[in-house]
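Undergrad: Would you mind keeping the following structure in view while I ask a few things?
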Amino acid sequence: MLEGLLIGLQTALSVQNLLMVIGGCLIGTFIGMLPGLGPMSIIAIMIPVAISMGDPSAALILLAGVYYGAIFGGSTSSILLNAPGVAGTVASSFDGYPMARQGKAGKALTVAAIASFAGGTIGALLLMVFAPALSSVALLFHSAEYFALMVVGLSAIAAFAGTGQVAKALVMTLLGLIMATVGEGALFNLPRFTMGIMDLQSGFGFITLAMAMFALPEALFLVLKPKDLQGDDGEIKDLRITGKEAKAIAPVIGRQSLQGFFIGVLPGAGATIASFLGYAVERNIAPKKEQDEFGKGSVKGLAAPETANNAACTGSFVPLLTLGIPGSGTTAILLGALIALNVTPGPRLMVDEPQIFWAVIMSMFIGNLILLVLNLPLIPYIAKILTVPRNYLIPFILFFTLMGAYIGQNNATELLILVGFGICATALKFADYPLAPLLIGFILGAMMENNFARSMQLYDGVSFVWERPMTLGLLAIAVILVALPSYRARRAKARQDGIADGD
Amino acid sequence: MALDRWLALVLLGICLAYGYAAWFTMDAGLAPFMKRNPIWPSTFPKVLSVLGIIAASVILLGIEKAEPKAADIDYRRLGEYNLGQALLLLALMVAYALCLRPLGFLISTSALLILGSFILGERKWHIMLPVALIAAVSVWYLVQVVLGIYMRPLPGILGG
């Protein structure tokens with residue numbers, strides 16, 4: 001391994017490759033900050049540049065740098081504008097945005113930068129040590145387990161929605177899953193539920209839906225009820241975090257780096273599930289007093305998803321580099337780029353072309369360091385976006401929402417769908433329905449159905465549920481997750497009404 | 001009945017319509033060889049529709065009591081907020097969607113940014129105009145030249 005490390009260092013520290021890391025991180029951060037342009041689109045746009053370089057190590061280093069940069073930039077816009085451009089940073093806005101509203105935007109960005117750095121670095125360390133071993137773990141999972149794992153993820157999201165909200169969160173999740181079935185499925189190639197409308201043939205656009213669920217209602221709420229958008233004078237002074245806060249987030253970062261990395265390794269799970277699960281887990285194991293803080297600007301609630309999504313990004317490289325199987329949309333694009341450069345990722349990669357494998361790992365360390373040293377000093381300037389007067393900020397938010405939906409599809413109908421869904425989402429927000437579960441259900445819907453269908457075909461029916469113990473166990477966890485909070489709520493209510501407990 | 005239960009009723013209606021489509025309209029056109037498959041295109045939607053109907057009914061019937069909490073905006077007093085501005089902005093966005101192709105990117109975007117600020121009460125034309133124009137041109141330049149995504153800049157009659 002030491003030999004490999006040195007090979008990697010030698011490759012990664014060449015002037016050209018260092019410039020690639022720096023350039024990739026910068027481009028990723030700036031474009032990722034724009035709501036609506038996620039890592040997938042940025043990497044897709046950068047592919048012609050990367051391929052024309054001709055050097056596979058440099059290309060992969062550049063694209064990986066763009067990837068982390070975009071995730072980092074996405075969390076910046078989640079925190080400052082509550083407009084996540086990337087699904088993986090939706091959870092960061094739960095606590096990051098309230099912090100920014102309380103005038104602690106600087107602190108929130110610092111926490112995010114430190115958590116991202118720690119998550120990415122620890123993830124890269126784990127990748128280095130576990131990459132060969134972990135591929136066998138991922139191999140143990142069949143599509144039945146993937147299906148069950150997604151059910152667990154979705155029920156966890158619903159279960160942690162809060163008292164009296166479980167049914168609402170479940171309805172929103174199911175609505176997201178239902179919306180994901182619109183259009184042509186990968187498995188059947190039959191248009192479903194399109195009502196004969198051509199524009200629905202390819203389904204709803206993810207970015208359009210994300211914009212309609214988050215950015216648009218937020219902008220409308222800002223219009224309806226003007227509130228003080230900036231802190232006292234809009235100056236971001238409080239960049240430092242106190243020793244107490246550092247102590248509070250240190251264990252969170254430790255736990256979430258590990259958990260996020262291992263979730264990232266599983267194909268299909270990735271940064272999105274890792275960040276939501278990380279948020280949910282940290283919220284559940286926090287003491288009661290801190291639990292109430294979650295969602296209102298808790299540093300722990302911000303550090304958890306930030307660490308987890310960066311660790312998961314690194315983790316998603318494991319199946320790509322060791323098995324040649326992309327675990328997420330982003331790594332699928334990377335796989336395409338590698339094949340175009342005449343490199344076949346897989347178990348032989350480490351043997352045949354060790355300099356590529358190790359250079360990518362070393363560039364992960366360098367990239368994370370650059371994001372930390374580059375972005376922390378830049379934070380006061382990034383945060384200047386909050387001092388823009390409301391009369392200018394709101395039209396620009398609306399414009400970027402529209403642009404994000406338009407660029408993805410190049411179709412003006414998408415904009416009408418966006419406005420329509422935005423109005424629906426605002427109504428749902430009035431009635432206190434949580435909107436994030438809908439989006440997560442939508443993202444996972446297609447993957448979930450494909451895995452479900454595959455296991456149905458393998459077992460010729462639903463018998464996979466009881467014939468595979470791991471599937472059964474995961475599904476049991478999902479049922480408990482949904483049943484427990486509503487049971488607890490009924491008990492608490494019964495006790496309030498003066499009815500004696502059974503035990 | 002509170003708004004959240006009205007919405008649950010709407011959602012129940014959506015689930016029922018979806019369930020009807022999944023249970024009764026999808027299987028008829030299925031090719032015979034696909035009927036031997038253990039999973040049909042309608043299988044997953046069928047499961048979803050049943051679960052959705054159950055969950056929406058739970059809210060509608062008020063089985064799970066929500067804790068009343070102070071919402072950010074009280075929808076019962078919607079008229080007291082800047083409802084007019086919000087509706088005008090929504091109309092503006094629809095107009096933008098309809099004008100983007102015929103009028104071209106530069107004109108539509110500048111108009112969106114200027115009218116958006118105007119609706120919100122901004123009257124400083126000497127700031128509004130340059131900001132909107134610079135933003136529209138630079139975003140167009142970025143998207144068209146740097147990213148290489150074609151967007152018609154000007155109306156067709158002007159050669160855009």
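The values are calculated or read from the model by the stated rules, or taken from the named source; none is laboratory data. These numbers were taken from a predicted model, which means no experiment stands behind them. Glycine gets a Cβ as well: all are built from the backbone with ideal geometry, and neighbour counts include every protein chain shown.
Undergrad: Could you list, in sequence order, the residues of region A:173-187 that are more than 9 Å from every other protein chain (Cβ to nearest Cβ) and modelled with pLDDT of 80 or more?
TA: Restricting attention to region A:173-187, the residues satisfying the condition of being more than 9 Å from every other protein chain (Cβ to nearest Cβ) are A:176, A:179-180, A:182-184, A:186.
The answer is A:Gly176, A:Met179, A:Ala180, A:Val182, A:Gly183.
Undergrad: Does A:Leu372 fit the bill of being under 30 Å from A:Ala112 (Cβ atoms) and at pLDDT below 80? Before the answer, list the steps.
TA: Numbers: under 30 Å from A:Ala112 (Cβ atoms): yes; at pLDDT below 80: no.
No: the conditions fail for A:Leu372.
Undergrad: Output the number of residues of region A:189-223 satisfying the condition of being touching a Pro at 6+ places or on another chain (Cβ under 9 Å), within 13 Å of chain B (Cβ to nearest Cβ) and aromatic (Phe, Trp, Tyr).
TA: 1
Undergrad: State whether the residues of region B:64-78 include one that is at pLDDT 85 or above, out of contact with any His (no Cβ under 8 Å at 6 or more places or on another chain) and not β-branched (Val, Ile, Thr). Lay out the reasoning, then the answer.
TA: Keep residues of region B:64-78 that are at pLDDT 85 or above, which gives none.
Scanning region B:64-78, I find no residue that is at pLDDT 85 or above, out of contact with any His (no Cβ under 8 Å at 6 or more places or on another chain) and not β-branched (Val, Ile, Thr), so the answer is no.
Undergrad: Return yes or no: is A:Asp432 under 22 Å from A:Tyr279 (Cβ atoms) and among the acidic types (Asp, Glu)? Even if it seems obvious, please write down each step before you answer.
TA: Details: under 22 Å from A:Tyr279 (Cβ atoms): yes; among the acidic types (Asp, Glu): yes.
For A:Asp432, the condition - under 22 Å from A:Tyr279 (Cβ atoms) and among the acidic types (Asp, Glu) - is met.
Undergrad: So which residues in region B:8-23 are small (Gly, Ala, Ser) and within 11 Å of another protein chain (Cβ to nearest Cβ), if there are any at all?
TA: Taking region B:8-23 as the starting set, the residues that turn out to be small (Gly, Ala, Ser) are B:8, B:13, B:17, B:19, B:21-22.
Within region B:8-23, B:Ala8, B:Ala17, B:Gly19, B:Ala21, B:Ala22 meet the criteria.
Undergrad: Looking only at residues that are more than 20 Å from the chain's Cα centre (by Cα) and touching a residue at least 24 places away in the same chain (Cβ under 8 Å) in region A:425-448, which one is farthest from the other protein chains (Cβ to nearest Cβ)? Please lay out each step first, then the result.
TA: Just the residues of region A:425-448 that are more than 20 Å from the chain's Cα centre (by Cα), to begin with: A:425-433.
From what's left, touching a residue at least 24 places away in the same chain (Cβ under 8 Å): A:425-426, A:428-429, A:432-433.
Details: A:Ala425: 11, A:Thr426: 9, A:Leu428: 6, A:Lys429: 8, A:Asp432: 6, A:Tyr433: 7 Å.
Top of the filtered list is A:Ala425.
Undergrad: Which residues, taken from region A:112-130, are more than 22 Å from A:Tyr279 (Cβ to Cβ) and modelled with pLDDT of 85 or more? Break it down into steps so the answer makes sense when it comes.
TA: Taking region A:112-130 and keeping what is more than 22 Å from A:Tyr279 (Cβ to Cβ), we get A:124-125, A:127-130.
Within region A:112-130, A:Ala124, A:Leu125 meet the criteria.
Undergrad: To continue, here is another question. What's the number of the condition A:Gly85 fails, among (1) of a type outside the set (Phe, Trp, Tyr); (2) surrounded by 24 or more Cβ atoms within 10 Å (Cβ to Cβ); (3) in a helix (DSSP H, G or I); (4) modelled with pLDDT under 80?
TA: (3)
Undergrad: Here is a further query. Would you point out the residue of region B:29-46, among those that are modelled with pLDDT of 85 or more and more than 19 Å from A:Leu458 (Cα to Cα), that is surrounded by the fewest Cβ atoms within 10 Å (Cβ to Cβ)?
TA: B:Lys46
Undergrad: Given the conditions (1) modelled with pLDDT of 80 or more; (2) within 17 Å of A:Ile477 (Cα to Cα); (3) within 13 Å of chain B (Cβ to nearest Cβ), report the number of the one that A:Ala158 does not fulfil.
TA: (1)
Undergrad: Quick check on this structure: which one of A:Val49, A:Val66 is surrounded by fewer than 24 Cβ atoms within 10 Å (Cβ to Cβ), modelled with pLDDT of 70 or more and over 22 Å from A:Met99 (Cβ atoms)?
TA: Working: A:Val66 fails: surrounded by fewer than 24 Cβ atoms within 10 Å (Cβ to Cβ).
It is A:Val49.
Undergrad: Mind telling me which of the residues A:Gly234, A:Gly295 ends up being touching a helix residue (DSSP H, G or I) at 6+ places or on another chain (Cβ under 6 Å), surrounded by fewer than 18 Cβ atoms within 10 Å (Cβ to Cβ), modelled with pLDDT under 75 and at positive phi? First the steps, then the outcome.
TA: Numbers: A:Gly295 fails: modelled with pLDDT under 75.
Just a single option satisfies the conditions, and that option is A:Gly234.
Undergrad: Give the residue, chosen from A:Gly473, A:Gly420, A:Gly461, that is away from chain B (no Cβ under 12 Å) and either among the hydrophobic types (A, V, I, L, M, F, W, C) or surrounded by fewer than 18 Cβ atoms within 10 Å (Cβ to Cβ) (or both). Don't jump to the end; show me each part of the working.
TA: On the way: A:Gly420 fails: away from chain B (no Cβ under 12 Å); A:Gly461 fails: away from chain B (no Cβ under 12 Å).
It is A:Gly473.
Undergrad: Looking at B:Leu112, B:Leu90, can you tell me which residue is at the interface with chain A (Cβ under 8 Å from one of its Cβ atoms), under 24 Å from A:Thr426 (Cα atoms), in contact with a Phe, Trp or Tyr (Cβ under 7 Å, 6 or more places away or on another chain) and buried (at least 18 other Cβ atoms within 10 Å of the Cβ)?
TA: Working: B:Leu90 fails: in contact with a Phe, Trp or Tyr (Cβ under 7 Å, 6 or more places away or on another chain).
Of B:Leu112, B:Leu90, the one residue that is at the interface with chain A (Cβ under 8 Å from one of its Cβ atoms), under 24 Å from A:Thr426 (Cα atoms), in contact with a Phe, Trp or Tyr (Cβ under 7 Å, 6 or more places away or on another chain) and buried (at least 18 other Cβ atoms within 10 Å of the Cβ) is B:Leu112.
Undergrad: Among the residues of region B:78-87, which ones are crowded, with 17+ Cβ neighbours inside 10 Å and assigned to a helix (DSSP H, G or I)? Quick ask: steps written out before the conclusion?
TA: Step one: list which residues in region B:78-87 are crowded, with 17+ Cβ neighbours inside 10 Å, which gives B:81-82, B:85-86.
Listed by number, the residues that qualify are B:Gln85, B:Ala86.
Undergrad: Can you name every residue in region A:449-466 that is hydrophobic (A, V, I, L, M, F, W, C) and touching a residue at least 40 places away in the same chain (Cβ under 8 Å)?
TA: Just the residues of region A:449-466 that are hydrophobic (A, V, I, L, M, F, W, C), to begin with: A:452-453, A:456, A:458, A:462, A:464-466.
Of everything in region A:449-466, those that are hydrophobic (A, V, I, L, M, F, W, C) and touching a residue at least 40 places away in the same chain (Cβ under 8 Å) turn out to be A:Phe452, A:Ala453, A:Leu458, A:Phe464, A:Val465.
Undergrad: Counting just the residues of region A:401-416 that are surrounded by 20 or more Cβ atoms within 10 Å (Cβ to Cβ) and within 9 Å of chain B (Cβ to nearest Cβ), which one comes out nearest to A:Leu200 (Cα to Cα)? Spell out the reasoning first.
TA: Initial filter on region A:401-416 (surrounded by 20 or more Cβ atoms within 10 Å (Cβ to Cβ)): A:401-406, A:408, A:414-415.
Next, only the ones that are within 9 Å of chain B (Cβ to nearest Cβ) stay: A:401-403, A:406, A:414-415.
Values: A:Thr401: 20, A:Leu402: 18, A:Met403: 19, A:Tyr406: 15, A:Glu414: 10, A:Leu415: 13 Å.
Top of the filtered list is A:Glu414.
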